[in-house]
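Only one structure is covered here, and it is reproduced in the block below.
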């Protein structure tokens, strides 16, 4: 049996079990985004809650069967991370520039889903910290490193860039390239609408996260609150912030619904998170 990485990746890509679990990962992402949207609505209405992945998973843990669901979610996110790592390793029939870009995107997605799987694992085992606190602690750690402000500024630009890309992908409906319907049919109009709205809303939320990292870099404030929860609460505190937060919450909910459709229709190749 060959131990060549590309051969191992090819065999993993042919695994029906891995693909099914990876598709469940998209559905898990949909559930998490729906829960974040619900928490965001509570925050907009003056309630409390952590409107981010960790907050959503903690809320899920308190429900009947929550522990079982969290174990499944953790495994599904890890499977999705492995799937994207496989994409990064497999041969590509593209230009050198496109290959580099494609592999970089695949690795980035693997890191994102791997982190989500780790977060779910920490929550289900009772060791999960608040992700907003974790993000702030990470910012503080970067600040104390050599050229720390520059590193945080770079992180701000990266997150802002990802947010802009989400808006672009939604507005141009480029996400439809990631989907296919059975029987040669086209993806339904409903999926197109929720995908467009969801990508734009998530892009806006990520853009605000990037701005918060930028503020931390500019002011050299190691205690600057960062992360999705801080971003949504910062939006709430702006003029007309409650209305804006409710709109973003609705958009995140539609992204969650799109993720359920993605679990069914994804081509499982080169789909951006």
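The values are calculated or read from the model by the stated rules, or taken from the named source; none is laboratory data. Not measured: the values here are computed from a predicted model. A quick note on method: Cβ atoms are made from the backbone with ideal geometry, for glycine too, and the neighbour counts reach across all protein chains shown.
All but one of (1) in contact with a helix residue (DSSP H, G or I) (Cβ under 9 Å, 6 or more places away or on another chain); (2) without any contact (Cβ under 8 Å) to a residue 12 or more places away in the chain hold for residue 237; state the number of the condition that does not hold.
Condition (1) is where residue 237 drops out.
Given (1) more than 24 Å from residue 197 (Cβ to Cβ); (2) touching a residue at least 40 places away in the same chain (Cβ under 8 Å), where does residue 40 come up short, assuming only one miss?
Single failed check for residue 40: (1).
Restrict the check to region 122-137 and report whether at least one residue is modelled with pLDDT of 85 or more, crowded, with 17+ Cβ neighbours inside 10 Å and over 18 Å from the mean Cα position of the chain (by Cα).
Checking region 122-137: at least one residue is modelled with pLDDT of 85 or more, crowded, with 17+ Cβ neighbours inside 10 Å and over 18 Å from the mean Cα position of the chain (by Cα).
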